[in-house]
1. Could you pull the Cα extents of region 88-175 along its three principal axes, largest to smallest, in whole Å?
2. Take ILE135 and ALA55, extend 7 Å from each Cα along the Cα→Cβ direction, and tell me the distance between the two endpoints in nm.
3. When the chain is fully extended, how far beyond the present Cα-Cα distance does ALA169 get from ALA102, taking 0.36 nm per residue of separation?
4. Where the Cα atoms of region 42-125 are projected onto their three principal axes, how long is each span, largest first, in whole Å?
5. Say each of ALA84 and LEU158 gets a label point 7 Å from the Cα, pointing the same way as Cα to Cβ; how far apart are those two points in nm?
6. Would any residue of region 54-68 have its amide N under 11 Å from a label point 7 Å out along Cα→Cβ of ARG76? List them or say none.
Amino acid sequence: GRHLHGDLGHEVELPVALEPVDDVARPIDDGLLARADDARREAPAHQAPVFLCNAEGLYENGTGPEHYVGTQGIARDITDRRRAEEALRKSQEKYAKLFRAAPAGVAVSSMAEGRFLEVNEEFERIFGFSREELIGRSAFALGIWFDDRERERIVDLLRGGGSVEHREAKARAKG
């Protein structure tokens with residue numbers, strides 16, 4: 001028996017076009033001719049499978065190019081994961097555009113401390129603060145709530161599983 005040992009490689013993401021082109025001359029977009037034996041059909045990036053590959057060289061009786069006898073590896077198809085990540089990214093972009101362009105002042109804040117995590121331009125305009133002045137700071141620290149107990153009542157409602165609709169609250173703008 002032969003004694004083979006490997007030199008474990010690293011993971012590589014690899015988009016792969018799997019379908020070969022027929023071995024005939026064919027026109028391509030710019031009017032030139034291409035031979036199929038010179039190329040493989042390229043799938044659009046959103047359709048090409050993506051694999052995560054681990055590979056290692058196999059060597060017999062030592063290491064180095066003179067002892068190399070082959071390669072072994074494993075390829076894991078991560079196409080669905082990449083497509084899901086892309087769909088999530090697109091969804092997040094749409095949400096961000098909608099959030100920023102909303103005609104009403106919108107803010108996202110932490111429940112526990114009331115620190116602003118995100119605000120839109122209309123919220124900035126209404127309260128007179130820039131995004132940089134708001135993010136990471138609480139409405140309490142900025143003096144926005146006229147009555148801090150009102151915020152606590154609203155938070156208690158939300159923590160109890162309720163919702164807040166059409167509730168008036170007094171607030172202060174910068175200045």
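1. Here the spans come out as 39, 35, 23 Å, largest first.
2. So the label points at ILE135 and ALA55 sit 4.2 nm apart.
3. Difference between extended and current length: 22.1 nm.
4. 73, 36, 18
5. The two pseudo-label positions are separated by 2.9 nm.
6. Counting backbone N atoms under 11 Å from the label point, the list is 54.
Taken together, the values in this text are just the output of simple stated rules run on the coordinates, not laboratory data. These numbers come from a predicted model, not from an experiment. Glycine also receives a Cβ, built like all others from the backbone with ideal geometry; neighbour counts cover every protein chain displayed.
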